[in-house]
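Below is one structure; the comments refer to it alone.
The values are calculated or read from the model by the stated rules, or taken from the named source; none is laboratory data. Here the structure is a predicted model, which is why all the values come from computation and not from measurement. Here Cβ is always computed from backbone atoms with ideal geometry, including for glycine, and neighbour counts include all displayed protein chains.
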Amino acid sequence: MKTHLNFKRNIIGSLAFVLTGLSFFGASPVTAKSGKHATVIAGQTNPAGSPFDRIKHIEAGVLNVGYVEAGPADGKPVLLIHGWPYDIYSYKEVSEILAAKGFRVLIPYLRGYGSTEFLSSETPRNGQQAALAVDMIAFMDALKIKNAIVGGFDWGARTADIMAALWPERVQGLVSVSGYLIGSQQGNKAPLSPKAELLWWYQYYFATERGAAGYQANTAEFNKLIWQTASPTWHFSEETYNHSADSFKNPDHVKIVVDNYRWRLGLTKGEAKYDQLETKLATMPDITVPSITLEGDANGAPHPDPSTYAVRFKGKYIHRTITGGIGHNLPQEAPKAFADAILEVAGWI
(Lines give C-alpha, C1' and ligand atoms only; values in the text may rest on other atoms or scores of the structure.)
Protein backbone atom coordinates (compact mmCIF):
# COMPACT_ATOMS: atom_id res chain seq x y z
CA MET A 1 0.00 0.00 0.00
CA LYS A 2 2.80 2.39 0.87
CA THR A 3 4.52 1.68 -2.42
CA HIS A 4 1.27 2.31 -4.27
CA LEU A 5 0.77 5.67 -2.54
CA ASN A 6 4.32 6.75 -3.34
CA PHE A 7 3.75 5.84 -6.97
CA LYS A 8 0.60 8.03 -7.08
CA ARG A 9 2.47 10.92 -5.47
CA ASN A 10 5.25 10.63 -8.03
CA ILE A 11 2.80 10.66 -10.91
CA ILE A 12 0.98 13.73 -9.56
CA GLY A 13 4.26 15.50 -8.91
CA SER A 14 5.45 14.78 -12.44
CA LEU A 15 2.24 16.17 -13.93
CA ALA A 16 2.56 19.33 -11.85
CA PHE A 17 6.13 19.79 -13.03
CA VAL A 18 5.14 19.42 -16.67
CA LEU A 19 2.27 21.91 -16.38
CA THR A 20 4.46 24.40 -14.52
CA GLY A 21 7.11 24.06 -17.19
CA LEU A 22 4.60 24.77 -19.95
CA SER A 23 3.45 27.90 -18.16
CA PHE A 24 7.04 29.01 -17.57
CA PHE A 25 7.81 28.89 -21.27
CA GLY A 26 4.80 31.07 -22.13
CA ALA A 27 2.52 28.38 -23.52
CA SER A 28 -0.14 27.56 -20.99
CA PRO A 29 -2.35 24.53 -21.67
CA VAL A 30 -5.59 26.26 -22.68
CA THR A 31 -8.59 24.14 -23.57
CA ALA A 32 -10.34 25.06 -26.80
CA LYS A 33 -13.88 26.42 -26.46
CA SER A 34 -15.40 23.78 -28.70
CA GLY A 35 -15.44 20.18 -27.58
CA LYS A 36 -14.63 19.23 -31.17
CA HIS A 37 -11.06 20.45 -30.84
CA ALA A 38 -8.06 19.41 -28.83
CA THR A 39 -5.41 21.93 -27.88
CA VAL A 40 -1.82 21.82 -29.08
CA ILE A 41 0.86 23.97 -27.47
CA ALA A 42 2.73 26.26 -29.86
CA GLY A 43 5.79 24.55 -31.22
CA GLN A 44 4.30 21.05 -31.22
CA THR A 45 3.73 19.29 -34.53
CA ASN A 46 0.20 18.35 -35.59
CA PRO A 47 -0.38 14.60 -35.79
CA ALA A 48 -1.85 12.95 -38.87
CA GLY A 49 -5.24 14.32 -39.85
CA SER A 50 -6.61 17.80 -40.40
CA PRO A 51 -4.87 20.66 -38.58
CA PHE A 52 -8.37 22.00 -37.88
CA ASP A 53 -8.92 19.12 -35.48
CA ARG A 54 -6.15 20.35 -33.16
CA ILE A 55 -6.10 24.06 -32.38
CA LYS A 56 -2.75 25.49 -31.29
CA HIS A 57 -2.31 28.33 -28.78
CA ILE A 58 0.31 30.97 -28.15
CA GLU A 59 0.45 34.05 -25.94
CA ALA A 60 0.75 37.13 -28.13
CA GLY A 61 0.30 40.70 -26.93
CA VAL A 62 -2.87 40.92 -24.83
CA LEU A 63 -4.19 37.58 -26.07
CA ASN A 64 -3.77 33.86 -25.88
CA VAL A 65 -4.39 33.19 -29.57
CA GLY A 66 -6.00 30.03 -30.85
CA TYR A 67 -4.85 29.21 -34.37
CA VAL A 68 -4.44 26.55 -37.00
CA GLU A 69 -1.10 25.82 -38.62
CA ALA A 70 -0.82 23.79 -41.82
CA GLY A 71 2.08 22.90 -44.10
CA PRO A 72 5.79 22.51 -43.42
CA ALA A 73 7.29 24.47 -40.54
CA ASP A 74 10.07 25.78 -42.81
CA GLY A 75 7.71 26.90 -45.59
CA LYS A 76 7.15 30.52 -46.60
CA PRO A 77 4.67 31.91 -44.04
CA VAL A 78 1.17 32.86 -45.14
CA LEU A 79 -1.08 34.58 -42.58
CA LEU A 80 -4.82 34.35 -43.35
CA ILE A 81 -7.23 36.55 -41.39
CA HIS A 82 -10.98 35.95 -41.18
CA GLY A 83 -13.77 38.48 -40.84
CA TRP A 84 -17.19 38.86 -39.19
CA PRO A 85 -19.27 36.79 -38.80
CA TYR A 86 -16.93 34.07 -40.00
CA ASP A 87 -13.93 32.23 -38.60
CA ILE A 88 -10.90 30.08 -39.45
CA TYR A 89 -13.02 27.59 -41.43
CA SER A 90 -13.28 30.15 -44.23
CA TYR A 91 -9.73 29.11 -45.10
CA LYS A 92 -9.86 25.33 -44.67
CA GLU A 93 -9.70 24.48 -48.38
CA VAL A 94 -7.35 27.40 -49.11
CA SER A 95 -4.96 26.10 -46.45
CA GLU A 96 -4.99 22.62 -47.95
CA ILE A 97 -4.03 24.00 -51.37
CA LEU A 98 -1.25 26.21 -50.00
CA ALA A 99 0.12 23.58 -47.60
CA ALA A 100 0.39 21.14 -50.52
CA LYS A 101 2.48 23.77 -52.31
CA GLY A 102 4.91 23.93 -49.39
CA PHE A 103 3.67 27.07 -47.60
CA ARG A 104 3.42 27.40 -43.84
CA VAL A 105 -0.19 28.54 -43.38
CA LEU A 106 -1.29 30.28 -40.16
CA ILE A 107 -4.95 31.02 -39.47
CA PRO A 108 -5.65 32.69 -36.11
CA TYR A 109 -8.98 33.28 -34.42
CA LEU A 110 -9.44 37.03 -33.99
CA ARG A 111 -10.11 38.47 -30.55
CA GLY A 112 -13.62 37.48 -29.57
CA TYR A 113 -13.69 34.31 -31.67
CA GLY A 114 -13.13 30.63 -31.04
CA SER A 115 -10.57 29.78 -28.39
CA THR A 116 -8.71 33.11 -28.49
CA GLU A 117 -8.83 34.63 -25.00
CA PHE A 118 -7.69 37.81 -23.31
CA LEU A 119 -4.88 37.26 -20.84
CA SER A 120 -6.40 39.77 -18.42
CA SER A 121 -9.97 40.50 -17.43
CA GLU A 122 -8.92 44.16 -17.18
CA THR A 123 -8.12 44.55 -20.91
CA PRO A 124 -10.84 46.54 -22.72
CA ARG A 125 -12.89 44.42 -25.10
CA ASN A 126 -12.00 46.79 -27.90
CA GLY A 127 -12.89 46.07 -31.52
CA GLN A 128 -11.30 49.09 -33.23
CA GLN A 129 -9.32 48.50 -36.41
CA ALA A 130 -5.87 49.36 -35.02
CA ALA A 131 -6.28 46.92 -32.12
CA LEU A 132 -6.95 44.02 -34.49
CA ALA A 133 -3.90 44.88 -36.60
CA VAL A 134 -1.64 45.13 -33.55
CA ASP A 135 -2.95 41.71 -32.47
CA MET A 136 -1.72 40.21 -35.74
CA ILE A 137 1.71 41.83 -35.50
CA ALA A 138 1.99 40.48 -31.94
CA PHE A 139 0.96 37.05 -33.22
CA MET A 140 3.76 37.12 -35.81
CA ASP A 141 6.22 38.31 -33.16
CA ALA A 142 5.25 35.48 -30.81
CA LEU A 143 5.89 32.93 -33.55
CA LYS A 144 9.13 34.71 -34.50
CA ILE A 145 7.88 35.32 -38.04
CA LYS A 146 9.79 38.21 -39.57
CA ASN A 147 7.44 38.69 -42.51
CA ALA A 148 4.67 36.86 -44.34
CA ILE A 149 2.25 37.00 -47.22
CA VAL A 150 -1.00 38.21 -45.67
CA GLY A 151 -4.51 37.62 -46.96
CA GLY A 152 -7.94 38.50 -45.66
CA PHE A 153 -11.59 39.35 -46.25
CA ASP A 154 -14.02 41.58 -44.35
CA TRP A 155 -12.39 42.51 -40.99
CA GLY A 156 -9.48 40.36 -42.10
CA ALA A 157 -8.96 42.38 -45.28
CA ARG A 158 -9.03 45.64 -43.33
CA THR A 159 -6.53 44.21 -40.86
CA ALA A 160 -4.25 42.96 -43.65
CA ASP A 161 -4.46 46.36 -45.39
CA ILE A 162 -3.44 48.13 -42.18
CA MET A 163 -0.52 45.79 -41.64
CA ALA A 164 0.69 46.38 -45.21
CA ALA A 165 0.28 50.16 -44.92
CA LEU A 166 1.85 50.67 -41.48
CA TRP A 167 4.34 47.79 -41.33
CA PRO A 168 5.31 47.01 -44.95
CA GLU A 169 8.50 45.34 -43.74
CA ARG A 170 6.32 42.63 -42.14
CA VAL A 171 4.13 42.02 -45.20
CA GLN A 172 5.81 40.50 -48.24
CA GLY A 173 2.63 40.49 -50.27
CA LEU A 174 -1.09 41.13 -49.84
CA VAL A 175 -4.33 39.54 -51.04
CA SER A 176 -7.31 41.62 -49.98
CA VAL A 177 -10.96 40.86 -50.75
CA SER A 178 -12.88 44.08 -51.49
CA GLY A 179 -9.63 45.99 -51.75
CA TYR A 180 -8.68 48.96 -49.59
CA LEU A 181 -10.85 48.97 -46.47
CA ILE A 182 -8.89 51.25 -44.11
CA GLY A 183 -11.21 53.83 -42.58
CA SER A 184 -11.44 56.43 -39.85
CA GLN A 185 -14.00 57.83 -37.47
CA GLN A 186 -13.77 61.20 -39.21
CA GLY A 187 -14.28 59.67 -42.62
CA ASN A 188 -17.26 57.70 -41.41
CA LYS A 189 -19.06 60.88 -40.42
CA ALA A 190 -20.03 61.54 -44.02
CA PRO A 191 -23.51 60.17 -44.80
CA LEU A 192 -23.99 57.74 -47.67
CA SER A 193 -26.85 57.43 -50.12
CA PRO A 194 -30.02 55.86 -48.70
CA LYS A 195 -29.41 52.67 -50.70
CA ALA A 196 -25.86 52.38 -49.35
CA GLU A 197 -26.95 53.15 -45.78
CA LEU A 198 -29.53 50.36 -45.99
CA LEU A 199 -26.74 47.80 -46.47
CA TRP A 200 -25.25 48.89 -43.15
CA TRP A 201 -28.46 48.23 -41.18
CA TYR A 202 -26.66 46.03 -38.63
CA GLN A 203 -24.18 48.82 -37.83
CA TYR A 204 -27.02 51.04 -36.68
CA TYR A 205 -28.67 48.14 -34.87
CA PHE A 206 -25.46 47.55 -32.90
CA ALA A 207 -25.34 51.26 -32.04
CA THR A 208 -28.32 50.73 -29.72
CA GLU A 209 -28.56 48.84 -26.44
CA ARG A 210 -31.51 46.98 -27.94
CA GLY A 211 -29.23 45.85 -30.76
CA ALA A 212 -26.49 44.69 -28.43
CA ALA A 213 -29.03 42.71 -26.39
CA GLY A 214 -30.56 41.31 -29.57
CA TYR A 215 -27.21 40.13 -30.88
CA GLN A 216 -26.41 38.55 -27.51
CA ALA A 217 -29.72 36.70 -27.50
CA ASN A 218 -29.71 35.62 -31.14
CA THR A 219 -26.07 35.41 -32.19
CA ALA A 220 -26.26 32.23 -34.25
CA GLU A 221 -29.51 33.18 -35.99
CA PHE A 222 -28.27 36.72 -36.61
CA ASN A 223 -25.00 35.60 -38.15
CA LYS A 224 -26.66 33.02 -40.36
CA LEU A 225 -28.80 35.85 -41.76
CA ILE A 226 -25.63 37.82 -42.54
CA TRP A 227 -24.16 34.79 -44.33
CA GLN A 228 -27.33 34.52 -46.42
CA THR A 229 -27.58 38.20 -47.34
CA ALA A 230 -23.84 38.71 -47.90
CA SER A 231 -23.62 35.63 -50.15
CA PRO A 232 -27.10 35.32 -51.65
CA THR A 233 -26.22 32.54 -54.11
CA TRP A 234 -24.05 30.45 -51.75
CA HIS A 235 -26.09 27.48 -50.57
CA PHE A 236 -24.05 26.45 -47.56
CA SER A 237 -25.07 23.48 -45.44
CA GLU A 238 -26.05 23.49 -41.78
CA GLU A 239 -22.85 21.57 -41.04
CA THR A 240 -20.75 24.23 -42.77
CA TYR A 241 -22.42 27.02 -40.83
CA ASN A 242 -22.25 25.21 -37.50
CA HIS A 243 -18.49 24.67 -37.82
CA SER A 244 -18.08 28.45 -37.74
CA ALA A 245 -20.99 29.20 -35.40
CA ASP A 246 -19.14 27.41 -32.60
CA SER A 247 -16.57 30.22 -32.61
CA PHE A 248 -19.25 32.84 -31.86
CA LYS A 249 -19.71 31.30 -28.41
CA ASN A 250 -16.55 33.03 -27.23
CA PRO A 251 -17.51 35.04 -24.09
CA ASP A 252 -16.07 38.25 -25.56
CA HIS A 253 -17.60 37.88 -29.02
CA VAL A 254 -20.61 40.14 -28.62
CA LYS A 255 -18.65 42.90 -26.89
CA ILE A 256 -15.96 42.90 -29.60
CA VAL A 257 -18.45 42.95 -32.48
CA VAL A 258 -20.61 45.68 -30.99
CA ASP A 259 -17.57 47.79 -30.12
CA ASN A 260 -16.16 47.40 -33.64
CA TYR A 261 -19.21 48.96 -35.24
CA ARG A 262 -19.77 51.56 -32.53
CA TRP A 263 -16.13 52.66 -32.87
CA ARG A 264 -16.58 53.19 -36.61
CA LEU A 265 -19.43 55.61 -35.93
CA GLY A 266 -17.47 57.43 -33.23
CA LEU A 267 -19.74 56.18 -30.47
CA THR A 268 -16.79 54.74 -28.57
CA LYS A 269 -13.44 56.46 -28.29
CA GLY A 270 -11.09 53.51 -28.48
CA GLU A 271 -7.89 53.15 -26.46
CA ALA A 272 -5.40 56.00 -26.20
CA LYS A 273 -2.50 53.66 -26.96
CA TYR A 274 -3.83 53.30 -30.51
CA ASP A 275 -4.35 57.02 -31.14
CA GLN A 276 -1.13 57.53 -33.11
CA LEU A 277 -1.88 54.57 -35.33
CA GLU A 278 -5.42 55.78 -35.97
CA THR A 279 -4.10 59.23 -36.84
CA LYS A 280 -1.87 57.65 -39.49
CA LEU A 281 -4.71 55.51 -40.79
CA ALA A 282 -6.97 58.55 -41.11
CA THR A 283 -4.58 59.89 -43.77
CA MET A 284 -5.45 56.86 -45.96
CA PRO A 285 -1.85 55.68 -46.31
CA ASP A 286 -0.75 54.02 -49.54
CA ILE A 287 0.02 50.31 -49.75
CA THR A 288 3.35 49.70 -51.44
CA VAL A 289 3.73 45.92 -51.13
CA PRO A 290 2.84 43.61 -54.07
CA SER A 291 -0.94 43.25 -53.92
CA ILE A 292 -3.89 41.52 -55.52
CA THR A 293 -7.42 42.61 -54.69
CA LEU A 294 -10.38 40.32 -55.30
CA GLU A 295 -14.14 40.79 -55.46
CA GLY A 296 -16.95 38.31 -55.85
CA ASP A 297 -19.53 39.04 -58.54
CA ALA A 298 -22.39 38.36 -56.09
CA ASN A 299 -21.14 40.12 -52.96
CA GLY A 300 -24.24 41.20 -51.06
CA ALA A 301 -22.34 43.00 -48.29
CA PRO A 302 -21.29 46.67 -48.42
CA HIS A 303 -18.11 47.00 -50.47
CA PRO A 304 -16.37 49.71 -52.49
CA ASP A 305 -16.08 49.71 -56.26
CA PRO A 306 -12.58 48.58 -57.31
CA SER A 307 -12.08 51.76 -59.34
CA THR A 308 -12.26 53.85 -56.16
CA TYR A 309 -9.31 52.24 -54.41
CA ALA A 310 -6.86 51.22 -57.15
CA VAL A 311 -4.94 54.47 -56.62
CA ARG A 312 -4.05 53.39 -53.06
CA PHE A 313 -1.89 50.53 -54.29
CA LYS A 314 1.51 51.84 -55.35
CA GLY A 315 3.43 48.59 -55.76
CA LYS A 316 2.82 45.83 -58.29
CA TYR A 317 -0.94 45.46 -58.31
CA ILE A 318 -3.84 43.83 -60.11
CA HIS A 319 -7.55 43.41 -59.38
CA ARG A 320 -9.72 40.44 -60.24
CA THR A 321 -13.46 39.95 -60.04
CA ILE A 322 -14.29 36.30 -59.40
CA THR A 323 -17.39 35.21 -61.31
CA GLY A 324 -19.85 32.38 -60.80
CA GLY A 325 -22.08 33.83 -58.09
CA ILE A 326 -19.31 34.37 -55.52
CA GLY A 327 -20.36 36.30 -52.46
CA HIS A 328 -18.71 37.98 -49.49
CA ASN A 329 -16.97 34.93 -47.99
CA LEU A 330 -14.78 34.58 -51.05
CA PRO A 331 -12.07 32.27 -49.62
CA GLN A 332 -14.64 29.66 -48.65
CA GLU A 333 -16.84 30.09 -51.71
CA ALA A 334 -13.97 30.22 -54.22
CA PRO A 335 -10.97 28.68 -52.43
CA LYS A 336 -8.98 27.97 -55.59
CA ALA A 337 -9.28 31.57 -56.80
CA PHE A 338 -8.11 32.89 -53.42
CA ALA A 339 -5.26 30.39 -53.18
CA ASP A 340 -4.22 31.18 -56.75
CA ALA A 341 -3.96 34.87 -55.81
CA ILE A 342 -1.69 34.01 -52.87
CA LEU A 343 0.47 31.87 -55.15
CA GLU A 344 0.67 34.63 -57.74
CA VAL A 345 1.75 37.22 -55.20
CA ALA A 346 4.32 34.75 -53.88
CA GLY A 347 5.71 34.52 -57.40
CA TRP A 348 6.24 38.29 -57.48
CA ILE A 349 8.40 38.33 -54.37
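For the reader, a short list of remarks on this structure follows.
- Out of 326, 256, sole residue that is modelled with pLDDT of 95 or more and part of a loop (DSSP other than H, G, I, E, B): 326
- Single condition residue 224 does not satisfy, out of (1) of a type outside the set (A, V, I, L, M); (2) closer than 21 Å to residue 284 by Cβ; (3) touching a helix residue (DSSP H, G or I) at 6+ places or on another chain (Cβ under 7 Å): (2)
- When 231, 237, 291 are screened for being closer than 24 Å to residue 327 by Cα and surrounded by fewer than 15 Cβ atoms within 10 Å (Cβ to Cβ), only 237 passes.
- Selection status of residue 245, buried (at least 18 other Cβ atoms within 10 Å of the Cβ), in contact (Cβ under 8 Å) with a residue 24 or more places away in the chain, in a helix (DSSP H, G or I) and assigned by TED's automatic domain parsing to the domain that holds residue 227: yes
- Looking only at the stretch 102-149, and only at residues there that are charged (D, E, K, R) and part of a loop (DSSP other than H, G, I, E, B), the one that is nearest to residue 82 (Cα to Cα): 111
- As for the stretch 49-67, it holds at least one residue that is at pLDDT 95 or above, part of a strand (DSSP E or B) and within 24 Å of residue 328 (Cβ to Cβ).
- Candidates 224, 280 - the one that is part of a helix (DSSP H, G or I) and surrounded by fewer than 17 Cβ atoms within 10 Å (Cβ to Cβ): 280
- Screening the candidates 305, 340, 297 for the property of being surrounded by 15 or more Cβ atoms within 10 Å (Cβ to Cβ), out of contact with any Phe, Trp or Tyr (no Cβ under 9 Å at 6 or more places or on another chain) and of a type outside the set (A, V, I, L, M) yields one hit, 340.
- Condition met for residue 301 (in contact with a Leu (Cβ under 8 Å, 6 or more places away or on another chain), under 25 Å from residue 127 (Cα atoms) and in the same structural domain as residue 187 (by TED's automatic domain parsing)): yes
- For the stretch 168-189, the tally of residues that are assigned to a loop (DSSP other than H, G, I, E, B) and closer than 19 Å to residue 270 by Cβ stands at 6.
- Boolean, residue 340 is farther than 30 Å from residue 207 by Cα and acidic (Asp, Glu): yes
- Residues that are surrounded by fewer than 19 Cβ atoms within 10 Å (Cβ to Cβ), at negative phi, among the β-branched types (Val, Ile, Thr) and at pLDDT 95 or above do occur in the stretch 201-213.
- Residues that are over 21 Å from residue 246 (Cβ atoms), crowded, with 19+ Cβ neighbours inside 10 Å and aliphatic (A, V, I, L, M), drawn from the stretch 63-96: 78, 79
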